[in-house]
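What follows is a short report on a single structure.
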Amino acid sequence: MKLVYSDDYDLNLGNHVFPSNKYRLIKEKILRDGVARLEDFFEALAVPERDVALVHDREYIRKLQADKLSMTEILRLEVPYSPELVRAVWLSVGGSILAGTFALEDGVAVNVGGGFHHAFPDHGEGFCVLNDVAIAIRRLQKAKVIERAMTVDCDVHQGNGTASIFAGDKTVYTLSIHQAHNYPYPKPPSSLDVNLPDGTEDAEYLAALTQALDHALAEFQPDLILYVAGADPYHDDQLGGLKLTLEGLGRRDRAVFEKARAKNIPVAVTLGGGYARRLEDTILIHTNTVRVAKEFAR
Ligand SMILES: [Zn+2]
């Protein structure tokens, strides 16, 4: 299975609740545990501005590139602005496009990054600067390698940016399963939102997820699924209020890949959030997702 990565995915956040060094740590663990070999990793490349502009407003792109965001806009991002941040998110976009391309060839591929689902066309928020998932869909549609895509967003936070970008678009189905009483407020409607109560545990989560996937895939037949495999539904997450165990998160991943496989739909994975009290738990959850993904690659 092909994995996409860059050493420059690090968002350069320093001491922040978002562990922006997680990408490197995940790659190291993948190699150390023998989940993949070095030659399975492909370098993410920054994309041209015209690709970013398939989703984002030119004015917002210009402000990002020229360090012209207002203080309000930076506060809304909730991460400090830096040239490294901009480079990292540009690379993450390239990574998600490449993972999508690989997934179409191999059934499954992973961007060891991305999943920045809170970014809107004209602004970023909630640690998300550019919506790599939305750009990847638009880019692959433009290249005519897909017509229809589905996002399966299992981050604990609703995928508000993605939902908003594809609102009214009959070619993209957005599914988000998340904690109801958590950021973002408001939650622009996805094609299908599963709002879970605080403290939802493995069994209820998995029942709700499989039901949602069955419903979505009966209603809509995508050429590609973009899976946002957030690590933050974990019970010991600092920004999440669900109670999934490590095992439950693994079963969640498996459920997504199994439902996709049953309909012969390729899956491209992005990581999304993860704020476990112990960083090693976040790293383990993401690495486990890669482990499960690999079982489903051709
Ligand atoms: Zn999240």
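What the table shows:
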| quantity | calculated |
| --- | --- |
| Pick from region 35-49, criterion surrounded by fewer than 18 Cβ atoms within 10 Å (Cβ to Cβ) and of a type in the set (A, V, I, L, M), ranking: modelled with the lowest pLDDT | 45 |
| Members of region 229-241 that are in contact (Cβ under 8 Å) with a residue 60 or more places away in the chain and within 9 Å of the ligand (Cβ to nearest atom) | 230, 232, 233, 237, 239, 240 |
| Qualifying residue in region 206-225 (condition: outside any strand (DSSP E or B), within 15 Å of the ligand (Cβ to nearest atom), under 19 Å from the mean Cα position of the chain (by Cα) and surrounded by 18 or more Cβ atoms within 10 Å (Cβ to Cβ)) | no |
| Region 148-182, subset more than 15 Å from the ligand (Cβ to nearest atom) and assigned to a strand (DSSP E or B), residue surrounded by the fewest Cβ atoms within 10 Å (Cβ to Cβ) | 173 |
| Positions within region 251-281 being of a type in the set (A, V, I, L, M, F, W, C), within 16 Å of the ligand (Cβ to nearest atom) and over 13 Å from the mean Cα position of the chain (by Cα), in sequence order | 276, 279 |
| Pick from region 226-266, criterion of a type in the set (D, E, K, R) and assigned to a loop (DSSP other than H, G, I, E, B), ranking: surrounded by the fewest Cβ atoms within 10 Å (Cβ to Cβ) | 263 |
| Sole exception among (1) touching a residue at least 40 places away in the same chain (Cβ under 8 Å); (2) within 14 Å of the ligand (Cβ to nearest atom); (3) under 30 Å from residue 30 (Cβ atoms) for residue 139, by number | (2) |
| Hits in region 1-34 (condition: among the aliphatic types (A, V, I, L, M), over 16 Å from residue 285 (Cβ atoms), modelled with pLDDT of 95 or more and surrounded by fewer than 20 Cβ atoms within 10 Å (Cβ to Cβ)) | 31 |
| Matching residues in region 90-136 - criterion: being of a type in the set (Val, Ile, Thr) and within 16 Å of the ligand (Cβ to nearest atom) | 129, 133 |
| Pairs, first under 15 Å from residue 119 (Cα atoms) in region 70-87, second in a helix (DSSP H, G or I) and among the hydroxyl-bearing types (Ser, Thr, Tyr), C-beta under 9 Å, six or more apart | 73/60 |
| Tally of residues being among the β-branched types (Val, Ile, Thr) and free of Cβ contacts under 8 Å to residues at least 60 places away in the same chain across region 44-69 | 1 |
| Qualifying position, being modelled with pLDDT under 95 and either farther than 17 Å from residue 159 by Cβ or touching a Phe, Trp or Tyr at 6+ places or on another chain (Cβ under 8 Å) (or both), among 262, 268, 297, 203 | 297 |
| Index of the failed condition, residue 117 passing every other in (1) out of contact with any strand residue (DSSP E or B) (no Cβ under 7 Å at 6 or more places or on another chain); (2) in a loop (DSSP other than H, G, I, E, B) | (1) |
| Which numbered condition residue 20 misses (of (1) small (Gly, Ala, Ser); (2) closer than 24 Å to residue 187 by Cα; (3) touching an Asp or Glu at 6+ places or on another chain (Cβ under 6 Å)) | (2) |
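The values are calculated or read from the model by the stated rules, or taken from the named source; none is laboratory data. Remember, it's a predicted structure, so these values are computed and weren't measured experimentally. Don't worry about glycine lacking a Cβ; one is built from the backbone with ideal geometry, like all the others, and counts go over all protein chains shown.
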